[in-house]
Structure formats: C-alpha cells, structure tokens
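Reading through the structure tokens given below for one structure.
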C-alpha cells in the first residue's frame with residue numbers, strides 16, 4: 001500500500017509527509033504571535049511550491065479549515081479547485 005511517510009499527489013509527484021513539511025502541532029492548541037507568523041510563512045512556502053491544503057493539513061495535524069484560514073490571512077493567492085469545468089451547453 002505504498003511507502004511509509006510518502007504520499008502520492010494527483011500529479012504523481014511524491015511529497016514527504018513529515019520530513020520536509022511543517023512541524024506537527026498539538027491538536028487544538030492555539031497558535032499566536034510570532035509562532036503563527038512562522039507557521040503561516042512555512043505553510044505558504046509549501047503551498048506555493050505545489051502542495052495542497054489537504055496535504056498541508058494532514059502533515060501539520062491541523063484541519064483543512066485552519067490551514068485555509070492561515071493561508072488566507074497571510075495573503076496567499078489560493079488556487080482554484082481544479083477538475084472538469086462546465087463548458088457551453090451543446091446545441
């Protein structure tokens with residue numbers, strides 16, 4: 001069932017979960033001040049390099065919503081959802 005500590009992304013790229021990822025945080029712990037700024041910068045760097053919000057959430061032990069909020073607060077330009085889009089209706 002794959003390699004321990006490795007996750008395969010949709011584009012078949014390999015992302016290590018914990019080695020080069022954000023530090024795992026205690027679930028539900030408050031992150032404030034300079035610690036929050038450092039976490040935001042780290043998450044933003046990983047997100048800008050192509051990792052998904054879901055992968056960042058899994059690697060940091062936080063929820064999707066928490067990571068999304070941190071990225072939004074830091075001014076990160078979030079990518080679209082991807083996948084198929086609706087075209088014009090065929091006549």
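Here, each number is a calculation from the coordinates, and none is a lab measurement. Owing to the predicted nature of the structure, the values given are computational and were not obtained by experimental measurement. Note that we place each Cβ from the backbone using ideal geometry, even for glycine, and neighbour counts take in every protein chain shown.
Descriptive notes on the structure:
- Among 30, 81, 36, the order by Cβ neighbours within 10 angstrom, fewest to most, reads 81, 30, 36.
- Ascending count of other beta-carbon atoms within 10 Å, so fewest first, for 31, 67: 31, 67
- Taking only the C-alpha atoms of region 28-79, the Rg (one decimal) and the largest Cα-Cα distance, Dmax (whole number), read 9.9, 27 Å.
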